[in-house]
Amino acid sequence: MKYKAIILIAIVTLVGSCHRSGSESDNLQNNKSKYPEPVNIDLNKIKERGSLVAIVDNSSTGYFIYKGRPMGYDYDLLKLFSDYLEVPLEIKFTPSIERAFEMLNNGEGDIIAYSLTVTKERKERVAFTSSHFTTRQMLVQKKPDNWYELTKDELEKSLIRNQVNLLGKQVHVRKHSSYINRLNSLAQEIGGDIIIVEEPDSVETEALIKKVADGTIEYTIADETVAIVNASYYPSIDVKTPISFPQKIAWAVRPNATKLLVEANAWLKKIKKEATFNVIYNKYFKSTRASTLRAKSDFSSFGGKSISQYDKYLKQVADSLGWDWRLLAAQMYRESKFDPNVKSWAGAIGLMQLVPETGRRFGAKDLYNPRQNILTAGNYLQYLDGLWFKTIKDDEERIKFVLASYNVGLGHVEDARNLANKYGADPTVWNDNVEKYLLLKSNRDYFTDPIVNSGYCRGDEPVNYVRDILLYYEQYKQLINS
């Protein structure tokens, strides 16, 4: 008996299959000879590169975008870990577990922050950090349609509570997930077949939980932490039947990234002794009401399609600029966290943090008015883009110069270009060229150079500004449709 499930992720089509547990599996986990040696990138090379690249999945607990802000148990801890390492965090998203392992070992990422179940098979491919916590695998099943009319005893009798009753049942799980091995082991223990329907591993566990809630499939498996959160916003599902003993949950690094592993374990040992760890854990796994609100919000990458309530105006400005509106959303998040009433110590006002002089020059009467603030910022950005177009023809490079000028002023960026030209760097390239000399403008030897007209500059502010916006933009592109 075969089942196929087809899902389009980017341009890749994956096909799921069905088999009976207890039979020989053709999972890639068993084909160890197919795995290439991991690239040799450890902590020293990560620091030289200038960022820790984390591989994540989009879920209501691990990593998601909510009102423009990256959030989630794994994300919040990753931010703390990258701060501990003193390197910026870069996020790469893939819904595929198998693809995550490939990305890790070919050097596209440095750490998998998926809240992975630690298994013997996976330990042959990756090195796991110390465990974050333990959790059980739980059966996710739908309650009867009239469940709210039943007594407690009647409801219990309608549900699978004895794992033996899974014999002959179809259970849908992600391909390459640890749930497959557990179901096979369970089938051996209870002496029969459980029909495992392997969905493509690009299908997230929470999508399968939703299918159970919708009645599209009968059963799936989820970690208890995730199952409980999902039960809070799908009251028609039951998640109280365990199919495993407690299992370790951890992150993963390359087997040869020994220094990164040592630092990760040292940091985990430290953070787990602090209240911060429990606060983050409880925020995503215990505060089910808040998790429900986030998951159902229009402004969540998990449940919605919007970044902010100002997307309409951002799209209007983006059309005139020729920019992706999500880039403008990233800039707005960096400026004000979408608060239209914020005012900085320097007098910058509103969503796009415009000073009154700039606001008046480019058309605003009331910078606290969201529409006026955004459209005025668009006029200013268009002005800067027109100026830089004369010398920076590459669209992507020009965006960096425009953003830096928006933050620190045109004169300081021009100074950095002049210094770059003087010292043999490329004045039309931002990374490692103009940004380098903008940073050096806090050094007396550079800001007193005769070719510098605007004097001293704390260059780390505009450099971080550009970097942060582009990092947010990359995250938005991965999770929010254009």
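General observations
- Relative to the longest principal axis of the Cα atoms of the chain, the long axis of helix 311-321 makes an angle of roughly 50 degrees.
- Candidates 176, 427, 40 compared by Cα position along the dipole of the chain: farthest toward the positive end lies 176, with charges placed on Cβ.
- Here segment 311-479 is treated with +1 on each Lys and Arg Cβ and -1 on each Asp and Glu Cβ, and its dipole about the Cα centre works out to around 440 debye.
- Amide H contacts under 5 Å for residue 174: 199, restricted to partners 5 or more places along the chain or on a different chain, H placed in the peptide plane at 1.01 Å from N.
- Look at (1) 22, 51, 26, 1; (2) 25, 56, 18, 1; (3) 21, 48, 26, 5, 0: the one that is P(r) over Cα pairs in 20 Å bins from 0, in percent derived from this structure is (3).
- Packing, as the average of other Cβ atoms within 10 Å across residues, places the peptides 382-390, 417-425 in the order 417-425, 382-390, highest first.
- With contributions of -39500 (n - 2.57) from each DSSP H run of at least four residues, the per-residue ellipticity at 222 nm computed over the chain stands at -13000 deg cm²/dmol.
- Folded to 0 to 90 degrees: helix 205-214 orientation relative to the chain principal axis, Cα: 60 degrees
- Subset of 45/259; 337/365; 175/211; 47/436; 79/210; 400/477 violating a 19 Å alpha-carbon distance limit: 337/365; 79/210
- Assuming charge only on the beta carbon of Lys and Arg (+1) and of Asp and Glu (-1), the dipole of the chain about its Cα centre is about 700 debye to the nearest 20.
Coordinate-derived values only; no laboratory data. Owing to the predicted nature of the structure, the values given are computational and were not obtained by experimental measurement. A quick note on method: Cβ atoms are made from the backbone with ideal geometry, for glycine too, and the neighbour counts reach across all protein chains shown.
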